[in-house]
Structure formats: C-alpha cells, structure tokens
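Just so it is clear, none of the values below were taken in a lab; they were calculated from the coordinates. Here the structure is a predicted model, which is why all the values come from computation and not from measurement. Because the Cβ atoms are built from the backbone with ideal geometry, glycine has one as well, and the counts that use them run over all protein chains shown.
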Amino acid sequence: MTGKVSLYGIFKTIFTAQVPTAHPSLVLYASLTEAQGEYELWVEFVHVPTNRRIARFPSPEEGALRIKADSRLDYIEVVFKVHWLPFPELGEYEFRLFVDGRPSALRRVWVLSSPETFKKEVPEQ
C-alpha cells in the first residue's frame, strides 16, 4: 500500500429511467484540515427542493463519528461506504457534512431522466 488516496468515478449527475430509484454503492470521502481537538461529524443526504433528509451517515441510531486532530496541520480523512442510497424523486440533492452540529461543507448531485428518456421528452429545435 502506498498510503495515497485515489478517487475514481467522481460524479455529480445520476441518470435514471424511473423514480424512485437507488444507487447500489458509492463512497463519500472528505479530507478535513485546520482542526485541532475532538469533533463529532456526520453527513446528511437531503432532497434540496423539499429540504427533506433522505439519509444520514452514520445513522442517527449509530450516533456521530468521533474524530481527533492533534494538530491544525493534520489531515483527517473520512470515508463513508454507502449502499442502496434512495432517490425518491428527480432533482437536486446535497450531501451536507456537519462538524459538531454545524454545517461545514456540501456536495450537490442531480438525478435526471436518462439520456434516452431525456431525448424523447425534449423535442429537437
């Protein structure tokens, strides 16, 4: 092992022929810097138009992930393995990272009709 992190298959759009749907497997990665001390963190997955939380990692039952940074120069790398993430509707979603209960970062992802379905729904001009 090299100790290096490699990120493959980064995406911001998921195409689907129908909803609801689910993504079978994905990994969330965050590299945290400028932290010193102990923190609790979690990620919420939210449908943006309705502001409805779809999922949380770790789950509320599992509590928050506890991390510790000894120095502000440390890099804390966090990985969440997610299986069967539900997408109840088409549209915009966000992964929201919370540190000690405060929103700290987000990543948007869009769920759209498949390219084939999209071509059928939108006539050419």
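Our summary gives the stretch 29-92 a relative contact order of 45 percent, counting only alpha carbon pairs under 8 angstrom and 6 or more residues apart.
Kirkwood radius, the chain, all distinct C-alpha pairs, inverse of mean reciprocal distance: 16.4 Å.
Residues of the stretch 7-47 falling in the label zone of L65, defined by backbone nitrogen less than 11 Å from a point 7 Å along Cα to beta-carbon, are 27-32, 41-44. In terms of surrounding Cβ atoms within a 10 Å radius of their Cβ, L85, L65 rank from fewest to most as L65, L85. Whole-Hz Karplus values for the stretch 6-21 come out as 10, 10, 10, x, 5, 9, 10, 10, 10, 9, 9, 7, 7, 10, x, 9 Hz, taken residue by residue from phi with 6.51 cos²θ - 1.76 cosθ + 1.60 and θ = phi - 60°; glycine and proline positions read x.
Couplings for the stretch 85-101, taken from phi via the Karplus curve 6.51 cos²θ - 1.76 cosθ + 1.60 with θ = phi - 60°, read 6, x, 10, x, 9, 6, x, 9, 10, 9, 9, 10, 8, 10, 10, 6, x Hz in order; Gly and Pro are left as x. Across the chain, C-alpha contacts under 8 Å between residues 6 or more apart give a mean separation that, scaled by the residue count, equals a relative contact order of 35 percent.
Distances between placed amide hydrogens fall under 5 Å for L32 paired with I76, E77, V78, all partners being 5 or more residues away or on another chain. With contributions of -39500 (n - 2.57) from each DSSP H run of at least four residues, the per-residue ellipticity at 222 nm computed over the chain stands at -1500 deg cm²/dmol. For a Förster distance of 30 Å, can you work out the FRET efficiency between the beta-carbons of T50 and A17, rounded to the nearest 0.05? According to the calculation, E is roughly 0.85. The calculated FRET efficiency for the pair S104 and S6, based on their C-beta separation and a Förster distance of 25 Å, comes to about 0.55. Each listed q (0.19, 0.23, 0.24 Å⁻¹) maps to a log10 I(q)/I(0) for the stretch 29-92 from the Debye sum over equal C-alpha point scatterers, namely -0.81, -0.99, -1.03.
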